[in-house]
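Trainee: The structure under discussion is supplied below as structure tokens; questions concerning it will follow.
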């Protein structure tokens, strides 16, 4: 049974933020947003029924970004969930996780599907019953879209929290420490990259099978957006990153030394994947080899960016905390302005590079502005994220800066 001193110590650890993980989580979410912004200009994709100009540069950007951003989010979530469970126990950890994930997921899914149905009705319907068309489209085409990631994250989190509680109840502390030590040793070893890539590749092969799936990455080719039925292999794939984050004892200093080599290896491995996929060989052994290269790329980029931020993001600054807090809401909301602005740009026929820059900049400003002025200090923000105090600005801040020194001088 956990003593009061141990519980308070664990709570203090859980409340302590890890700046490299905050930076890693924020940048990975931005990467997903900017990847979504590039999809309309890729040659392999149709964007909500609209096709426009494609660009080989956008194809390259899509291929580079995909394969590690969503995986990073699951990894970081595993680290943070383990800390929450240790600090607050199963009941409180489940409550906090479900409250933060499920209500925003349900509300955003309904609103975004209504938004898509409205956009499609306005753009494609020319009959006399637009409301009936909109309602039928909403019901028949209801989809999770980008929210499948939140859906699977909620499922993986709940299952992992319960499994960890069961393991703590029925497995000895010695056995659990030994298991964690093995995972941490593999994770921190320079050659552990292959050990991490092998199970990842085997699961990827189970998802893709034999064929020419684009870059054979589960987050790109098999995003389960059209069903709530859980795909066990997709669950296992993203759960693996979550569970590695959960069980490992992260040695940030080791990765801070190796990050340049890891990122260079990742870029080389991605180039090798593209070359391999150009072949007409589709044998099972060949596909497993491609999946192994892809999985090694994923872990190289994940560990490389972890090391990069461990090297350069060591201070817990207000800006970093704000960015990490905003990232979740930016992901939830970004598809609304992204789709709306893209449809406007689609009609303007601007150059691809200019359209992309306008799309990225406007989406970033809209989502961060919405978070700042509508969510962060509202009742919804307080309920989900805790109390936030709006910083003073302008005249109020000037008077406060003058008043504080005077008050300190009084006896």
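Trainee: Do any helices (runs of 4 or more DSSP H) lying entirely in the stretch 302-387 carry at least 1 residues that are touching a residue at least 24 places away in the same chain (Cβ under 8 Å) and within 17 Å of residue 19 (Cβ to Cβ), and which ones are they?
Mentor: 318-333
Trainee: Moving to a separate point now. Every residue in the stretch 63-97 that is under 17 Å from residue 267 (Cα atoms), in contact (Cβ under 8 Å) with a residue 40 or more places away in the chain and in a helix (DSSP H, G or I), please.
Mentor: Once the filter is applied, which keeps residues that are under 17 Å from residue 267 (Cα atoms), in contact (Cβ under 8 Å) with a residue 40 or more places away in the chain and in a helix (DSSP H, G or I), the stretch 63-97 yields 63, 64, 69, 71, 72.
Trainee: Also, quick follow-up: Just one of (1) surrounded by fewer than 21 Cβ atoms within 10 Å (Cβ to Cβ); (2) outside any loop (DSSP other than H, G, I, E, B) trips up residue 270, so point out which.
Mentor: Answer for residue 270: the failing condition is (1).
Trainee: Would you confirm whether or not the stretch 126-135 contains a residue that is in contact with a helix residue (DSSP H, G or I) (Cβ under 7 Å, 6 or more places away or on another chain) and in contact (Cβ under 8 Å) with a residue 24 or more places away in the chain?
Mentor: Taking every residue of the stretch 126-135 in turn, none turns out to be in contact with a helix residue (DSSP H, G or I) (Cβ under 7 Å, 6 or more places away or on another chain) and in contact (Cβ under 8 Å) with a residue 24 or more places away in the chain.
Trainee: Do you know which of the residues in the stretch 346-374 that are farther than 26 Å from residue 110 by Cβ and surrounded by 20 or more Cβ atoms within 10 Å (Cβ to Cβ) is farthest from the chain's Cα centre (by Cα)?
Mentor: Out of the qualifying residues, it is 355.
Trainee: Return yes when residue 30 is at pLDDT below 90, within 26 Å of residue 309 (Cα to Cα) and in a helix (DSSP H, G or I) and no when it is not.
Mentor: no
Trainee: Also: Could you grab me the full set of residues in the stretch 110-145 that are in a loop (DSSP other than H, G, I, E, B) and over 25 Å from the mean Cα position of the chain (by Cα)?
Mentor: Once the filter is applied, which keeps residues that are in a loop (DSSP other than H, G, I, E, B) and over 25 Å from the mean Cα position of the chain (by Cα), the stretch 110-145 yields 125, 126, 127, 128, 129.
Trainee: Pairs under 8 Å by beta carbon, first residue under 19 Å from residue 60 (Cα atoms) in the stretch 271-297, partner at pLDDT 85 or above and assigned to a loop (DSSP other than H, G, I, E, B), six or more apart or different chains?
Mentor: Listed pairs, sorted by first residue: 297/68.
Trainee: What are the pairs, 6+ residues apart or on separate chains, where a residue within the stretch 151-177 that is more than 15 Å from residue 93 (Cα to Cα) has its Cβ under 6 Å from a residue that is modelled with pLDDT of 85 or more?
Mentor: Cβ pairs passing all conditions: 151/144; 152/238.
Trainee: Do we find a residue being part of a loop (DSSP other than H, G, I, E, B), at pLDDT 80 or above and buried (at least 21 other Cβ atoms within 10 Å of the Cβ) anywhere in the stretch 5-17?
Mentor: no
The values are calculated or read from the model by the stated rules, or taken from the named source; none is laboratory data. Source: prediction; values computed, not measured. No Cβ is skipped: glycine too gets one built from the backbone with ideal geometry, and neighbour counts run over all protein chains shown.
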